[in-house]
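Report on the following structure.
The values are calculated or read from the model by the stated rules, or taken from the named source; none is laboratory data. Fair warning: this is a prediction, and the values are worked out from it, not measured in the lab. Note that each Cβ is placed from the backbone with ideal geometry, even for glycine, and that neighbours are counted across all protein chains shown.
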Amino acid sequence: MTSAVRTAPLVDIRRIYAEPAALELPRGRDVVDRWPGAEIVPVASHWQIPEVHGDEANVARWVRIKTEALVLGVKKSLTTRPNGRSADFIAPSTANGCAMACAYCYVPRRKGYSNPVTVFANIEQITAHVARHIHKQGAKTEPNQCDPEAWVYDIGENSDCSADALLSENVRELCELFRMSPTAKASFATKYVNRELLEWDPMGRTRIRFSVMPDETAKVTDIRTTPVAERIAAVNDFVDAGFEVHLNFSPVILTPTWQADWGALLERIDDTLHERAKAQLAAEVILLTHNERLHEVNLGWHPKAEQLLWRPELQEQKLSENGAVNVRYRRGLKADAVARFRALVAEKLPSCRIRYAF
């Protein structure tokens, strides 16, 4: 089965916008070979493609662009920076953008509007950089909430690695590096169940974090993603295949029925997971953060989602670490919701340790 056929449900690549330097690299040529019928469009920079980035008129073609366009570039800046929440460190991304279209996603705010996937072709440089960083860190001598023994590296900050693995071998090569790194683990969050990953044999050195939320909310906000029930059902299979599997309860959107909805979801998870999955289970809890500019964009393509996401009567401005002005639930409301959520998990899914909640 060819890659083009295998990925048809999510992507049908018709155009590849490519930096010349990316086309000269083996990974760039491999990506192009996966879609031999695609038009190659030379571009000076993967960051500046008016047809796909930065043009509000693209809102009407949001999903089509994500389905049909792929960008091929070279990642210029390779840095690994401290985190301390989802992971100890954020590794350089092997891709940017997403084939899915969640209404609350922060990535379009940073790169612009439709934001299809950019695959970085200089994977050898990226893996070499990460390998040097792992070696320099040495062994982890004190446990923390990220992991008691290993340094955890988030490898998918700006993309969904499960979907990226449909487009190139980048994610697999990075996970293979961690399989050979006894002091470190890879980690990434995903809303896409890619069962091809079950063949990878990660030997416990890759942590997948399946993001879940109540079905009725996800049907409105999680566009083009794997259904939540399928994400939950996949947990046992991925644990059996050698992955560490955590959950992201994210984002928690405070609908009028959120407590009942989440309670039912947590009960379903408890009924579905086998004992080995429960024994290694942990989760992150992240309440919704939104953005006024994204709100305005969403009104142009998916206004129904904004009825859930944009609630000025419940929200206040928040200055993020990267300097962006976003909105979050008001401080007192948020603190109460976090406490209520923790209590729900303790009652409905007692095997699940919450690594952090905010």
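Out of SER159, SER187, SER211, one residue alone is more than 18 Å from LEU247 (Cβ to Cβ), in contact (Cβ under 8 Å) with a residue 24 or more places away in the chain and of a type in the set (Ser, Thr, Tyr). It is SER159. Taken over the range 182-204, the criterion of being out of contact with any strand residue (DSSP E or B) (no Cβ under 9 Å at 6 or more places or on another chain) and farther than 23 Å from ILE286 by Cβ is satisfied by PRO182, ARG195, GLU196, LEU198, GLU199, ASP201, MET203.
Residues of the range 166-193 that are crowded, with 21+ Cβ neighbours inside 10 Å, polar (S, T, N, Q) and part of a loop (DSSP other than H, G, I, E, B): SER168 alone. Restricted to the range 140-161, and to residues there that are of a type in the set (Ser, Thr, Tyr) and crowded, with 17+ Cβ neighbours inside 10 Å, the residue that is farthest from ILE354 (Cα to Cα) is SER159.
Within the range 296-321, residues that are within 19 Å of ASP336 (Cα to Cα) reach partners that are of a type in the set (Lys, Arg) with beta carbons closer than 8 Å, at six or more positions or on different chains, in the pairs LEU314/ARG330; GLN315/ARG328; GLN315/ARG330; GLU316/ARG328; GLU316/ARG330; GLU316/ARG331; LYS318/ARG328.
Under the condition of being over 27 Å from PRO143 (Cα atoms), modelled with pLDDT under 95 and either surrounded by fewer than 17 Cβ atoms within 10 Å (Cβ to Cβ) or among the polar types (S, T, N, Q) (or both), the residues counted in the range 77-104 number 2.
Cβ-Cβ contacts under 7 Å between residues 6 or more apart (or on different chains), taken from a first residue in the range 120-142 that is under 27 Å from LEU72 (Cβ atoms) to a second residue that is of a type in the set (D, E, K, R) and at pLDDT 95 or above, are listed as PHE120/LYS75; ALA121/ARG27; ASN122/LYS75; ILE123/ARG27; ILE123/GLU173; ILE126/LYS75; THR127/GLU173. Looking for something of a type in the set (Val, Ile, Thr), touching a Lys or Arg at 6+ places or on another chain (Cβ under 7 Å) and closer than 22 Å to TYR17 by Cβ - is there at least one such residue anywhere in the range 161-171? No, that holds for no residue. Restricted to the range 215-326, the set of strands (runs of 3 or more DSSP E) holding at least 1 residues that are surrounded by fewer than 18 Cβ atoms within 10 Å (Cβ to Cβ) and among the charged types (D, E, K, R) comprises 315-319.
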